[in-house]
1. According to the square roots a ≥ b ≥ c of the eigenvalues of the Cα gyration tensor, what is the shape class of chain A, taking rounded for a/c under 1.5, prolate for a/b larger than b/c otherwise, and oblate for the remainder?
2. Under the Karplus relation 6.51 cos²θ - 1.76 cosθ + 1.60, θ = phi - 60°, what is the ordered set of whole-Hz ³J(HN,Hα) values for the range A:117-131, x standing for Gly and Pro?
3. About the Cα centre of chain B, how large is the charge dipole given +1 on each Lys and Arg Cβ and -1 on each Asp and Glu Cβ? Please answer in debye to the nearest 20.
4. Across the range B:151-164, in residue order, what do the Karplus-derived ³J(HN,Hα) couplings come to in whole Hz, using 6.51 cos²θ - 1.76 cosθ + 1.60 with θ = phi - 60° and x for Gly and Pro?
5. Report ³J(HN,Hα) in whole Hz for each residue of the range A:72-79, in order, from the Karplus equation J = 6.51 cos²θ - 1.76 cosθ + 1.60 where θ = phi - 60°; Gly and Pro get x.
6. When A:130, B:112, B:322 are ordered from fewest to most other Cβ atoms inside 10 Å of their Cβ, what list results?
7. If you rank A:108, B:54 by fewest surrounding Cβ atoms within 10 Å, what's the result?
8. Please give me, ordered by residue number, the trypsin sites (Lys or Arg not before Pro) of the range B:228-334 that lie in loop per DSSP and have at most 12 other Cβ atoms within 10 Å.
Amino acid sequence: MQPGVLTLKGFLGNDDRKLADIIVTDHQTLLRMRLNAAQIAARLQDLADRGADLMEQEVLVDNRYRIKVRDDRGKIPSPWGDGLFEKGDVDLADQKTGKTLKWNRLTLRLMQEHGFFGGYGSEYRIDPEVVVDILDLVPVFEDPAV
Amino acid sequence: MTPIITAVLVLSALSGLLTLLLLVAEFFFANYGECIIDVNNGEKTFKVEGGANLLTSLASQKLFLPSGCGGRGSCGTCKCRVLDGGGPLLPTETPYLTDEEQKTAVRLSCQVKVRNNVKIEVPKELLSIKEFETVIESITDCTHDIKGLRFRLPEGETIKFKAGQFVNLLSKPYDDVKEGTSRAYSISSAPSDNKAIELVVRYVPNGMVTTYVFKHLKQGDKASLIGAFGEFFLRDSGREIVCIAGGSGLAPIRSIILDMIDRGISNRKATFFFGAVSQRDLYYVEEFKAIEKEHPWFRFVPALSKDDSDHPYQKGLITDVVARNYGDMKDLEAYLCGSPGMIDACCKVLAGKGMPVDRIYFDKFS
């Protein structure tokens, strides 16, 4: 997780919380917004697929998202030790909100399998509060409080 | 409820303590003494001090198994057959081994501890892999994010490799990176140029080794290379070939073309399609144009996918450019180097034009 071990900048950004706290806080945010990690990962994967195979050309998707998929050689190991994931970042700029996202295959894996969305300040953080606006996600389950 | 939680916590603490005690005891008291590693039934034998893992022990004897993660057990590439003395298969290995591999004694060498004499089997080619302590002769800016590097081998040493193969470049610790690590790069020079190695490296944002190359390495520095590895090389079929590459994927194709010239292979037509986004992503164009002029069997086709300026190159995605340059491709063979996405897209085009899939060779950047 730390800089310089598996990746140059690590996965935690400038977040000094414990890993478990990062995961639990984001999980609670998801519950509050009635979303789940699989839903976010699937949407991001879909956007990545629509920008892929274009030899790194930027493409406008849904007349809203500017997407560029980088092709880089090699793989990044998961800090959980559950595999290697092809490099290649996806950069998304949302023309509606002006917000940006960056992710790769490992980001989606960490989110979906380990509930880890990245530490604060990490370039690859997919903040559930931010992503919901960018992706116009709708709740996938009933609010248990209702 | 509380007694159950207390019991679980006490048991966990006891297990942890026992594990810690075992590790401490092993560190201080375990002495495995000298162990012999027998490679390929006596083809090579090494005497090593027991206690280290097999990958490290072999590397200390200059036998290098490919490893993408430096022995952290996370890449699953340092496989070899351990015929005797390897101990039981560990849970840390099983995710990386197929059922067939497990049945045939294939192990992850980074997870096997050398505690006694060990018999192993490795592919014969690995026995000729060497580590080279080189000096950087030159670093050239090829494009805004690609550098060409030339490494001079030590006096009297030469490297033997097949055009298309790769080496591992070892980085040294810098900034937050406390340990050296390694990454694979295709050799871009010809096998005949065997006192040096040329590589083409594209900057990967936040990449540990490319950042080292781009921000820390300079001419005259020492650098370690291990190799050569890989199954991507020109087959001696006599068929016309189509090469397709993008970005730093140009490297092995350049090596193959230079090797064809050196070996006087002029009876095989070869066309090299190089895909880039815009003119600023093109490099080595003059060199390939000069080869084209001198060797009628070779054709160089750079293509730009998004450049509206007035340029002499073909326009469009490289897959479209290849498709419109050929009719039936059933008698050709292809050599591709680039990202997985590019390779997959090219394979579809080539197969759609009749090229048998077993004649499409690629280095998928992974």
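None of the figures in this text is laboratory data; all of them are computed from the coordinates on show. None of these values were measured; they are calculated from a predicted model. Cβ: placed from backbone, ideal geometry, glycine included. Neighbour counts: every protein chain shown.
1. Working: a/c = 1.77, a/b = 1.06, b/c = 1.67.
Taking the square roots of the gyration eigenvalues as a ≥ b ≥ c, chain A is oblate.
2. With the stated coefficients, the range A:117-131 comes to 9, x, x, 4, x, 6, 4, 9, 5, 9, 6, x, 5, 7, 5 Hz.
3. Numbers: 44 positive and 45 negative charges, 27 e Å.
With Lys and Arg at +1 and Asp and Glu at -1, about 120 debye.
4. Each residue of the range B:151-164 in turn: 10, 8, 6, x, 3, x, 9, 9, 10, 10, 8, 9, 4, x Hz.
5. 10, 6, x, 10, 10, x, 6, x
6. On the way: A:130 15, B:112 23, B:322 26.
Fewest-to-most Cβ neighbours within 10 Å comes out as A:130, B:112, B:322.
7. Working: A:108 21, B:54 26.
Ascending Cβ contact count within 10 Å gives the list A:108, B:54.
8. Values: sites: B:235, B:239, B:254, B:263, B:268, B:269, B:280, B:289, B:293, B:299, B:306, B:315, B:324, B:330; in loops: B:235, B:239, B:263, B:268, B:269, B:306, B:330.
Sparse-neighbourhood loop trypsin sites (Lys or Arg not before Pro): B:235, B:330.
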